[in-house]
Amino acid sequence: SWAPAGSALLRLAKGFLPTALAVFFNFDGDALLADAMVALDAVAETAGTGVPVSIGIGGHADRAGPERYNMGLSLRRAETVRKALAERGVDKARITVRAHGESRPRITTPDGVRDARNRRVEVTISPAPAL
């Protein structure tokens, strides 16, 4: 799910509070899906409004697979989103990347359970002081 352009993302330019969106991934994958491209275009549009923003990227994984593997997978997902935003002109100095692995599930599941809702990168856009 994502916030469409013209809604919460663009209201940020008018001084509203931080906004967030989630980009989801296929099982064991770190490639962006088609709907993610639209969401990341909206983030880049917001970042290009001239209003200084800070962008936090947090990668997550579901509980299928070993914890150490999931930490690496969540980092790869976060880096994929960072790279996509940079390719869209977002200043890398404004982006912070974190990997959470399976430690912060959106939906709590037993170990070993696949859940698409937990395979995500959360992107948070906040007003920031100028660099």
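The values are calculated or read from the model by the stated rules, or taken from the named source; none is laboratory data. Keep in mind the model is a prediction, meaning the values are calculated, not measured. When we count neighbours, we look across all protein chains shown, and the Cβ atoms used for this are built from the backbone with ideal geometry, even at glycine. For accessibility, only protein heavy atoms count, side chains too; no ligands or nucleic acids. Shrake-Rupley method; radii C 1.70, N 1.55, O 1.52, S 1.80 Å.
Worth pointing out:
Residue-wise test of (1) open to solvent by 70 Å² or more (accessible area, probe 1.4 Å); (2) closer than 30 Å to GLY112 by Cβ; (3) over 12 Å from the mean Cα position of the chain (by Cα); (4) not charged (D, E, K, R).
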site	(1), (2), (3), (4)
PHE24	no, yes, no, yes
PHE27	yes, yes, yes, yes
ASP35	yes, yes, yes, no
PRO52	no, no, yes, yes
ARG88	yes, no, yes, no
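- Residue within the stretch 59-70 that is within 14 Å of the chain's Cα centre (by Cα) and open to solvent by 40 Å² or more (accessible area, probe 1.4 Å) present: no
- Of residues in the stretch 103-122 being farther than 18 Å from VAL23 by Cβ and small (Gly, Ala, Ser), the one surrounded by the fewest Cβ atoms within 10 Å (Cβ to Cβ): GLY112
- Comparison of LYS92, LYS83 shows that the only residue that is on the phi < 0 side of the Ramachandran plot, at pLDDT below 95 and surrounded by fewer than 20 Cβ atoms within 10 Å (Cβ to Cβ) is LYS92.
- Considering only residues in the stretch 104-131 that are among the hydroxyl-bearing types (Ser, Thr, Tyr) and touching a residue at least 24 places away in the same chain (Cβ under 8 Å), the one that is farthest from VAL43 (Cα to Cα) turns out to be THR109.
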